[in-house]
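Accompanying notes for the structure given below.
The values are calculated or read from the model by the stated rules, or taken from the named source; none is laboratory data. This is a predicted model, so every value here is computed, not measured. Positions of Cβ are backbone-derived with ideal geometry, glycine not excepted, and every protein chain shown enters the neighbour counts. Remember, those area values only see protein heavy atoms, side chains included, never the ligands or the DNA or RNA. Shrake-Rupley method; radii C 1.70, N 1.55, O 1.52, S 1.80 Å.
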Amino acid sequence: MRQYVLLRLDSTLSQGEARYDYSIITVEHVLPQNPSVGSTWLQWFPNQEERIQYVHRIGNLALLSRNKNAEAQNYDFDKKKEKYFVGKKGISPFVLTTQVLQQSEWTPAVINQRQEDSLQSLRKIWRL
């Protein structure tokens, strides 16, 4: 379900221009579900209970092709941006994913703002 919601949101953000030719599109958690010990993630999200609340929020999710997501690791944010969201063929075609590249850090404040922006867009799409 979350994938379809994200694809609908991505399509709207691209003003209907997005056309993807991936056989399988996957959902990536920017803040990893299981961050590595000593990572920047644990500095930005030191409280485990709080971190868990952010992991599955729309504001923390991005779209990737299966090939990119198959390479997934729990890299720190800068390395994750480099490895997953920018590739040999350029920047990810997903609008939701390119939004991640604009951020210098991925903190609770960033996720909260992205969450609110996403929900506002979805309210307009579905006239809620």
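A few points about this structure:
- ALA72 satisfies every condition listed in (1) at pLDDT below 85; (2) in a helix (DSSP H, G or I); (3) under 13 Å from VAL30 (Cβ atoms) except (2).
- Any chance GLY59 is farther than 21 Å from MET1 by Cβ and either at pLDDT 95 or above or surrounded by fewer than 16 Cβ atoms within 10 Å (Cβ to Cβ) (or both): no
- Subset of segment 77-128 [of a type in the set (Phe, Trp, Tyr) and free of Cβ contacts under 8 Å to residues at least 24 places away in the same chain]: PHE85, TRP126
- Segment 88-113 - residue that is modelled with pLDDT of 95 or more and either assigned to a helix (DSSP H, G or I) or hydrophobic (A, V, I, L, M, F, W, C) (or both) and, of those, nearest to PRO32 (Cα to Cα): TRP106
- Residues in segment 72-128 that are aromatic (Phe, Trp, Tyr) and open to solvent by 80 Å² or more (accessible area, probe 1.4 Å): TRP126 alone.
Each row is one residue, and each column tells you yes or no for (1) out of contact with any strand residue (DSSP E or B) (no Cβ under 8 Å at 6 or more places or on another chain); (2) charged (D, E, K, R).
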residue	(1), (2)
ILE91	yes, no
PHE94	no, no
GLN103	yes, no
TRP106	yes, no
VAL110	yes, no
GLN113	yes, no
LEU119	yes, no
LYS124	yes, yes
ARG127	yes, yes
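- Test: residue in segment 34-44 that is of a type in the set (A, V, I, L, M), in a helix (DSSP H, G or I) and more than 18 Å from GLN99 (Cβ to Cβ): yes
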